[in-house]
1. Among the candidates Y223, Y234, Y279, single out the residue that is in contact with a strand residue (DSSP E or B) (Cβ under 9 Å, 6 or more places away or on another chain) and closer than 24 Å to N394 by Cα.
2. What single numbered condition from (1) under 22 Å from the mean Cα position of the chain (by Cα); (2) on the phi < 0 side of the Ramachandran plot fails to hold for R354?
3. Test T70 against the criterion of being surrounded by fewer than 22 Cβ atoms within 10 Å (Cβ to Cβ), within 21 Å of the chain's Cα centre (by Cα) and at pLDDT below 95, and give yes or no.
4. List pairs: first residue in the stretch 1-30 and among the aliphatic types (A, V, I, L, M), second residue in a helix (DSSP H, G or I) and surrounded by fewer than 17 Cβ atoms within 10 Å (Cβ to Cβ) anywhere in the structure, Cβ distance under 6 angstrom, at least six positions apart or on different chains.
5. It is to be established whether one or more residues within the stretch 268-288 are touching a residue at least 12 places away in the same chain (Cβ under 8 Å) and under 26 Å from L165 (Cα atoms).
6. Report, by residue number, each residue of the stretch 239-287 that is more than 23 Å from H86 (Cα to Cα), of a type in the set (G, A, S) and in contact with a helix residue (DSSP H, G or I) (Cβ under 7 Å, 6 or more places away or on another chain).
7. Step by step: first the residues of the stretch 335-352, then only those that are among the aliphatic types (A, V, I, L, M) and surrounded by fewer than 24 Cβ atoms within 10 Å (Cβ to Cβ), then the one that is farthest from K403 (Cα to Cα). Which residue is that?
8. I'd like to check something: does the stretch 159-175 contain any residue that is over 25 Å from P208 (Cα atoms), of a type in the set (F, W, Y) and free of Cβ contacts under 8 Å to residues at least 60 places away in the same chain?
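The values are calculated or read from the model by the stated rules, or taken from the named source; none is laboratory data. Fair warning: this is a prediction, and the values are worked out from it, not measured in the lab. Cβ coordinates were reconstructed from backbone atoms using ideal geometry, including for glycine residues, and neighbour counts include every protein chain displayed.
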Amino acid sequence: MRHFFPALKASHAFLDNAGGTQVPQCVIDAVLTCYTDSFGQRGGAYPASERAGAIIQRAHDVVGTFVNATDRGTCIIGSSSTSLLHLIASAYADALKSGEIAPHRNKIIVSALGHEANVHPWTRLATRGFEIVMWEPRVSREGRDMTARLCMDSLRELLDDRTLLVVFPECSNIIGQREDSIAITKLAHAKGARVVVDAVASAPHRLPDVTMGDFDWLVYSTYKVFGPHAAALYGSFDAFKPLTGPNHWFIPRESLPYKFELGGVSHESAAGIGALDTYMRQFIGADGTRDSRGVFTEAFRKIEAIEGELLECLLGKLRADDRVSVIGDPHVGPDRIAIVSFTVKGRTSESVARELSERGMGVKRGDFYSRRLIERLGIPVDDGVVRISLAHYNTREEIERLKIS
């Protein structure tokens, strides 16, 4: 499948995929076509305008299929997961002030395991009438390795009839282990609370399913799923009910998702997002008659199998070096995502990342915007961890470059 990605002709290996994946040629072509053939404003009767409207509609349809929204909710497209979550958090604050939310339902439980994109939008609501409670991860050590996971018992202790939202990552972008988001959701719903699921780290590796999970909100970044630098946020119709989007006052409140898409959707981003369906079909050799959800399902089964073999190779090389401490499960399992963070005894993460980069491995080090988690792991935040994150287009040969002096 590497021939679909023009950037992979480079001599260095792209191993920072959790920060953003490469894009296939069909995405590039879709964006180019948008500029050259469909660059008009929506709402007109002329051809370019009609094509522009179709591009944006296709993007929403593809996102809805990707997360399996069916007819239970809608999806907002925006510039980033961070901006979309700030948007929804602000709408919740407005709803509490206006009385759309019962005043006693003002408790928000926020997981410290997550990326700051799904932490700070909620913690800042402490100044707008909400009680913010941190759900601390359970840190554990096994030999030289360590990990952190969400603890259901801790959540049970925090939940009560005042809880409005439980906010958590489906997978930490440091730990690389998928959490039981369905069990967490059931527990929250039993107390009348809703969930906000950050699927940014998991969506490139495991196909989201908001219907099976019964999720209220789920966000992911399209630029980490082989698309343009944008993001999408799913919300169930029930979750949207008490909220009013910030778009122009004369746009009806019920006009979803437009009421939440300030200034409209980026047309070129929409074109690239819609091309995900094209790439998935190319990847598995499916023609246009196959239903899109079935295509996504088959493609992601293939992605999981490919990445599982690559992950086994990567973890094996790290386990063979007794100086290395893996941050997360050092073994492959059904919920182990192809994101691997580690530190090296006697070396700074900065020096290791620089050495690997000189060996042709495109990796980085740092806190990766999960600073609260890095602090709880006891790792110096100014140095952080080295992270290698794989995609299905990586190869064993690229991983074999992993040599730490």
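1. Values: Y234 fails: closer than 24 Å to N394 by Cα; Y279 fails: in contact with a strand residue (DSSP E or B) (Cβ under 9 Å, 6 or more places away or on another chain).
Within the list Y223, Y234, Y279, the selection yields Y223.
2. Going through (1) under 22 Å from the mean Cα position of the chain (by Cα); (2) on the phi < 0 side of the Ramachandran plot one by one, R354 breaks only (1).
3. Values: surrounded by fewer than 22 Cβ atoms within 10 Å (Cβ to Cβ): yes; within 21 Å of the chain's Cα centre (by Cα): yes; at pLDDT below 95: yes.
Judged against the criteria, T70 is a match.
4. Between residues of the stretch 1-30 that are among the aliphatic types (A, V, I, L, M) and residues that are in a helix (DSSP H, G or I) and surrounded by fewer than 17 Cβ atoms within 10 Å (Cβ to Cβ), the close pairs are L8/R2.
5. Going residue by residue through the stretch 268-288, those that are touching a residue at least 12 places away in the same chain (Cβ under 8 Å) are 268-284, 286.
After this cut, where a residue has to be under 26 Å from L165 (Cα atoms) as well, the list is none.
Looking for residues that are touching a residue at least 12 places away in the same chain (Cβ under 8 Å) and under 26 Å from L165 (Cα atoms), one finds none in the stretch 268-288, hence no.
6. A271, G272, G274, A275, A286
7. The extreme case among them is V344.
8. no
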